[in-house]
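The values are calculated or read from the model by the stated rules, or taken from the named source; none is laboratory data. Keep in mind that this is a model prediction, so the values were computed, not measured. Positions of Cβ are backbone-derived with ideal geometry, glycine not excepted, and every protein chain shown enters the neighbour counts.
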Amino acid sequence: MQLRLYTLLLFLCFAHHVKSESYPEVVFDNSLVKGSYARSVVNYSGDSWVENVQNSLLVSDTLFFTPGNALSLKYISSENGDWDVLIKYSRQKFHYRVSIDDMLSLKLFVGSEGTKPENLPSISIQQGSNQSVSIPLSDYIEDFNNSSWISVKIPVKEFAGLNIDNIISGIMLRQHHSSNLTNQLFLDQIEFLPAKYSEAPLTSNAVLTKATAYGKHIDLQWQVPLTPSIRYVKIYRSEDNKDFKAVGIRPTYMLRCLDYVPILDKKYFYKIAWVDYNYRESPFSEVVEVEPKKLDENQLLDMIQLANVNYFVENYDINSGMYMPFRMKDKAPVSVRETGGAMISLLIGVEKGFVSKPMFMSRVKRIVGFLTKAQNNKGFFPAYFDGRKGLPIYLDDQPRYDIMATSSMMEALLIIRQYLNTDEAEENKLRANITQLWERLDWRGVTLPKDPLVLRSAIDMVDEYFTFDPLVGINGGMNAYMLAIASTKSSLAPEAFANGIKFKFEKPRERNALRRINGNVETNIADSVQNIIEGDQLYSSISGKDSVYKVLATHDTLMYGINLPFGNYTSSLLDMYRPFNTINPSLTKVDGYDLKDVLQKYTQVAKRRDNEIGVGNSNSDIWGFYQYRDSVGTFRINPAISVSSMFLDEARAKRSLYAMYNQYGEFLFTEYGFRAWMDLRTDDVSDEYIATNQASMAIMLENVRTGLIWKLYQDIPEIKSAEQRIFKK
């Protein structure tokens, strides 16, 4: 099955981002999983009570305001007790700050007959540990009834104690007046709205352009006019072309979605409507018919790649063309490192026919133009910029130029330069501009002052001699060393690549256990740093007060029956996989180590560990441990870990992919690919996506299937020369 995003649709997608800045600031619209809402926290005491499952509110999938569900709040407010419920602002990537002119809006359905206005709870706004005053909901209801959804709008300025400079972490509902009645409310579409918005009537029919079946996922595509009063796209589905039910809702910056259907080999009918800020709908689109069939392996992999590429098609800043990791009201933060993965993913989209080449060229030209003018030091960029102003953003309050972020961007640009192989004037100019960015990088200027073979991870914007942690280990730092050795203007010696793997830098835990003898460092058994190199290899730490020592990274460790040559690892496997997005692992035999074999061992250990610990599923093919707190805490699986391991063991990775897609695809896989994580013990799933995940899956799948990115990277003249010097046969 051939997948295509037609040129017209993609140009519309590119243009439409002009209005996507006004993403709905929603606290709750839908629970991604059935049963209970894990992003709610229920507390009660005394004779009061709130219905809950594992301290979370229940979810109603039969009564809702916007499809497909709402929150159920059933409670008793006793005079001899108290209760409260926190509904978290779950969009971790969105740092939303309210405006004093905003309105807190929610939809309320009173499901218990005896409930009166005075039985309703009060509501407040949570900002971290700070909480505003709590306001009775009943004070803002004009037409109280038990038969229809009630709109509640409260001006933000009414919430005394609110700090508009702080981000929102949730809203709190709490017991107000007491009674012995058991009340039940249904809550939906909790959000912050501007006090004024366009109310132009939606008189034109919506436009549903296409419906394509990929197994049980139906890919719906539409067009959205630049009408300011359109806020959502509402999706309807029918099995008989007569009785249509609302099955989904999407913000207007999304021009496609995946709908999951229960049965194959039967016809489904779709139509959509535009929805305004008052939830009034436009006339329906024409009905589109589709009949889903079972996917074969290639079709499934195509769909997964399409979805991951689509994530980068739709998530970018219109001004700079760069990937936007999250949205803020007052600025457009863009990520240098993640834009590298985004560009390679889009290139794959062009090659597979998912993305039009004109759209790709337009995006890359905008990025290159932005970077050419952007602030830099020795050619290196900060990790983040404001895409509107072109100024650096320091999310961790450390003003620095990031070596790894710049490396990720530059290797992507070099791959694009290699890919664009025609003599057209546009491509010639773009290749020349990329070369200009490449050649201004001063790699020797970012090594450690006392070791020309070791790259720093960053350089300070104020004092460039301030030393950050060095780049060492099997991680993305290897990509930086490859570029540094490949440089035609300021190259490092080829042994720097192996040096960055063989050695690491440590600070002794027991400083008294070290003493100098004749300029050398002597250690005792209690010293936590072993294999310390001679005393002239002493380096300043980040603080400049303590000392770190260059030590051997090799540390044979036996875990789960497998010998690990570099000891136990503490980071994600994705960090270890990252170099091989571009570097062909079949080449990486360096200084006595076959890095592909080394990674295979670490991957086997990770799978054995995950299966032994257990992640809420008895299927051993589901692995990729992401985070845990304790034996009863959070256990999360990141789908990208096992899928991205396909370059090491294709059969094992595919078994994991099939298991996750077939068992959990209904809520784990979307139009943007796999979500960031799922927690099978708490029945929770992330409502976010991580750019490094989406890029890793798109790139690794393509490398395993065609070797495209490995081939392009290896054919870059400078890289080919560097690899010949590093990977000596």
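When you check residue 26 against the structure, is it of a type outside the set (Phe, Trp, Tyr), at pLDDT below 90 and part of a strand (DSSP E or B), yes or no? Considered against the rule, which asks whether it is of a type outside the set (Phe, Trp, Tyr), at pLDDT below 90 and part of a strand (DSSP E or B), residue 26 comes out as yes.
Is the range 423-446 home to any residue that is surrounded by 15 or more Cβ atoms within 10 Å (Cβ to Cβ) and within 18 Å of residue 504 (Cβ to Cβ)? No: the range 423-446 contains no residue that is surrounded by 15 or more Cβ atoms within 10 Å (Cβ to Cβ) and within 18 Å of residue 504 (Cβ to Cβ).
The residues of the range 96-145 that are surrounded by fewer than 17 Cβ atoms within 10 Å (Cβ to Cβ), in contact (Cβ under 8 Å) with a residue 40 or more places away in the chain and under 35 Å from the mean Cα position of the chain (by Cα), listed by number, are 99, 100, 101, 128.
In the range 670-729, of all residues being within 26 Å of residue 259 (Cα to Cα) and among the acidic types (Asp, Glu), the one that is surrounded by the most Cβ atoms within 10 Å (Cβ to Cβ) corresponds to 702.
The condition (being in contact with a Leu (Cβ under 6 Å, 6 or more places away or on another chain) and touching a residue at least 24 places away in the same chain (Cβ under 8 Å)) is satisfied by just one residue among 557, 582, 603: 603.
Condition first: crowded, with 21+ Cβ neighbours inside 10 Å, assigned to a strand (DSSP E or B) and touching a residue at least 24 places away in the same chain (Cβ under 8 Å). Can you find one or more residues in the range 297-319 that meet it? Yes, the range 297-319 contains at least one residue that is crowded, with 21+ Cβ neighbours inside 10 Å, assigned to a strand (DSSP E or B) and touching a residue at least 24 places away in the same chain (Cβ under 8 Å).
Yes or no: residue 682 of a type in the set (Val, Ile, Thr) and out of contact with any Lys or Arg (no Cβ under 7 Å at 6 or more places or on another chain)? Talk me through it step by step, then tell me what you get.
On the way: of a type in the set (Val, Ile, Thr): yes; out of contact with any Lys or Arg (no Cβ under 7 Å at 6 or more places or on another chain): yes.
The answer is yes for residue 682.
I want to confirm something. Restricting to the range 560-573 and keeping residues that are of a type in the set (A, V, I, L, M, F, W, C) and under 12 Å from residue 474 (Cβ atoms), which single residue is surrounded by the most Cβ atoms within 10 Å (Cβ to Cβ)? Ranking the candidates gives 573 first. Which of the residues belonging to the range 277-296 are over 30 Å from residue 654 (Cα atoms) and either part of a loop (DSSP other than H, G, I, E, B) or small (Gly, Ala, Ser) (or both)? Across the range 277-296, the qualifying residues are 277, 278, 279, 280, 282, 283, 284, 285, 286, 287.
Within the range 233-245, the set of residues being farther than 18 Å from residue 263 by Cα and either among the charged types (D, E, K, R) or surrounded by fewer than 21 Cβ atoms within 10 Å (Cβ to Cβ) (or both) comprises 234, 242.
Taking the criterion of being touching a helix residue (DSSP H, G or I) at 6+ places or on another chain (Cβ under 8 Å), modelled with pLDDT under 95 and farther than 17 Å from residue 39 by Cβ, would at least one residue in the range 87-98 satisfy it? Quick ask: steps written out before the conclusion?
Within the range 87-98, the first condition is being touching a helix residue (DSSP H, G or I) at 6+ places or on another chain (Cβ under 8 Å), and the residues that meet it are 98.
So of that shortlist, the ones also modelled with pLDDT under 95 come out as 98.
Checking which are farther than 17 Å from residue 39 by Cβ leaves us with 98.
Yes, the range 87-98 has at least one match.
Exactly one residue among 73, 63 is of a type outside the set (Phe, Trp, Tyr), assigned by TED's automatic domain parsing to the domain that holds residue 36 and closer than 23 Å to residue 25 by Cβ, and that residue is 73.
Within the range 241-279, can you find the residues that are hydrophobic (A, V, I, L, M, F, W, C), at pLDDT below 90 and touching a Phe, Trp or Tyr at 6+ places or on another chain (Cβ under 7 Å)? If the condition is that a residue be hydrophobic (A, V, I, L, M, F, W, C), at pLDDT below 90 and touching a Phe, Trp or Tyr at 6+ places or on another chain (Cβ under 7 Å), then 255 is the only one that fits. Among the residues of the range 381-411, those that are acidic (Asp, Glu), outside any strand (DSSP E or B) and more than 16 Å from residue 437 (Cα to Cα) comprise 396, 397.
Does residue 364 satisfy the criteria of being aliphatic (A, V, I, L, M) and assigned to a helix (DSSP H, G or I)? Steps first, answer last, please.
Values: aliphatic (A, V, I, L, M): yes; assigned to a helix (DSSP H, G or I): yes.
So residue 364 passes the test.
Scanning the range 320-336 for residues that are surrounded by fewer than 24 Cβ atoms within 10 Å (Cβ to Cβ) and not in a loop (DSSP other than H, G, I, E, B) yields one hit, 333. Scanning the range 195-240 for residues that are under 29 Å from the mean Cα position of the chain (by Cα), of a type in the set (A, V, I, L, M) and in a strand (DSSP E or B) yields a total of 8. Among the residues that make up the range 395-405, is at least one of them basic (Lys, Arg) and surrounded by fewer than 18 Cβ atoms within 10 Å (Cβ to Cβ)? No, the range 395-405 contains no residue that is basic (Lys, Arg) and surrounded by fewer than 18 Cβ atoms within 10 Å (Cβ to Cβ).
When you go through 42, 26 one by one, which is the residue that is within 30 Å of residue 665 (Cα to Cα) and not assigned by TED's automatic domain parsing to the domain that holds residue 184?
On the way: 42 fails: not assigned by TED's automatic domain parsing to the domain that holds residue 184.
Only one candidate passes the filter, namely 26.
The set of residues in the range 580-628 being in contact with an Asp or Glu (Cβ under 9 Å, 6 or more places away or on another chain), of a type in the set (Val, Ile, Thr) and modelled with pLDDT under 90 consists of 615 alone. Looking across the range 700-729, the residues that are of a type in the set (D, E, K, R) and over 21 Å from residue 417 (Cα atoms) come down to 705, 725, 728, 729. Cβ-Cβ contacts under 6 Å between residues 6 or more apart (or on different chains), taken from a first residue in the range 367-381 that is at pLDDT 95 or above to a second residue that is crowded, with 17+ Cβ neighbours inside 10 Å and small (Gly, Ala, Ser), are listed as 367/321; 370/320.
Please state which one of 78, 45 is assigned to a strand (DSSP E or B), modelled with pLDDT of 95 or more, among the hydroxyl-bearing types (Ser, Thr, Tyr) and surrounded by fewer than 20 Cβ atoms within 10 Å (Cβ to Cβ).
On the way: 78 fails: assigned to a strand (DSSP E or B).
Within the list 78, 45, the selection yields 45.
Scanning the range 277-318 for residues that are closer than 30 Å to residue 149 by Cα, touching a strand residue (DSSP E or B) at 6+ places or on another chain (Cβ under 6 Å) and of a type outside the set (A, V, I, L, M) gives 277, 281, 282, 284, 285.
How many residues are among the basic types (Lys, Arg) and without any contact (Cβ under 8 Å) to a residue 40 or more places away in the chain if we restrict to the range 207-244?
Of all residues in the range 207-244, those among the basic types (Lys, Arg) come to 210, 216, 231, 234, 237, 242.
Still in the list and also without any contact (Cβ under 8 Å) to a residue 40 or more places away in the chain: 237, 242.
Summing the residues that are among the basic types (Lys, Arg) and without any contact (Cβ under 8 Å) to a residue 40 or more places away in the chain in the range 207-244 gives 2.
Based on this model, can you work out whether residue 147 counts as in a loop (DSSP other than H, G, I, E, B), out of contact with any helix residue (DSSP H, G or I) (no Cβ under 6 Å at 6 or more places or on another chain), closer than 24 Å to residue 45 by Cα and not aliphatic (A, V, I, L, M)?
On the way: in a loop (DSSP other than H, G, I, E, B): yes; out of contact with any helix residue (DSSP H, G or I) (no Cβ under 6 Å at 6 or more places or on another chain): yes; closer than 24 Å to residue 45 by Cα: no; not aliphatic (A, V, I, L, M): yes.
In short, no.
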